[in-house]
Each structure stands twice: as structure tokens, then as C-alpha cells.
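Notes follow the structure.
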Amino acid sequence: MTSQSTTQITQDSLTNLIAGLMDGRDKMAYNQYALRKVVGREELITMYRSNWLARKIVDAPAEDMTREWLTLETKDESSKDKLEVAEKRFKLVTLLTNNLKWGRLFGGSALCISLHPLLTLMKPS
């Protein structure tokens, strides 16, 4: 049985374009961190589903933002009741919380709220 030695190169993302030019400029002034790896969508989904810490990092701020929901104040109690019924019927809190989580996980998301009952996204008016 032979043992194979594998070499793994690790590097940070600190770059400096001036370091090897051998001139009098201050090399510390030109240090910067460069983004080396872009994480793909599948990798983000896998991290979110399989790692509790990654899930908490995404979920906690979104859940904190919607934990204490808004309180409606209107002059007309019947319209307030209708709005609260519609809010519960459309599960607005859950939709907004999930939208915020998607935005944190993938870097952005959109929530389309249609107020017109016949308007569809497939056939905009």
C-alpha cells in the first residue's frame, strides 16, 4: 500500500499590485481583498438546508423584522377588519418573511402584490 501525498494550495484574497514593482510607493496603501470565489445557487441551497448555522444567519434577521407585525389604525373599524381578514387570508406575514429570507440567501428577491383581481403576471394590462 502506497501513501499518496496531496498538496492543497490555500491562499487568502489579499492582493497588492504594487508589491513587486520595486519603487518607492507605500505598499501598505495598495493592499486590497479581492473576491475569489462566487458561490453558486445549488451550493447556497445545500448550505441552507444542511447547516443549522447558515440557516440561522439567513433566517434570524428576517424573522426579527416580521416578529412584531404592524398595527393598523383607521377611522373606520369595518375597513380595518377587512384588511386584517385579507392579511390573514393571503398569509402576508409568512409571504413577507419568506421573501426576506430568499433575499438574504440569494442576494435579492421580489414580491409582486397585485391589487387588481383580474390582473395576472402573464398578461399585464
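Rule-based calculations on the coordinates, nothing more; no lab input. Quick caveat: nothing in here was measured; it's all calculated off a predicted structure.
In the calculated pair distance distribution of the stretch 53-101, what percentage of Cα-Cα distances lie above 16 Å? Of all Cα-Cα distances in the stretch 53-101, 49 percent exceed 16 Å.
Residue-wise HN-Hα couplings along the stretch 70-84, as the Karplus relation 6.51 cos²θ - 1.76 cosθ + 1.60 with θ = phi - 60° gives them from phi, are 6, 10, 7, 10, 9, 7, 9, 5, 5, 5, 5, 5, 5, 5, 5 Hz; Gly and Pro carry x.
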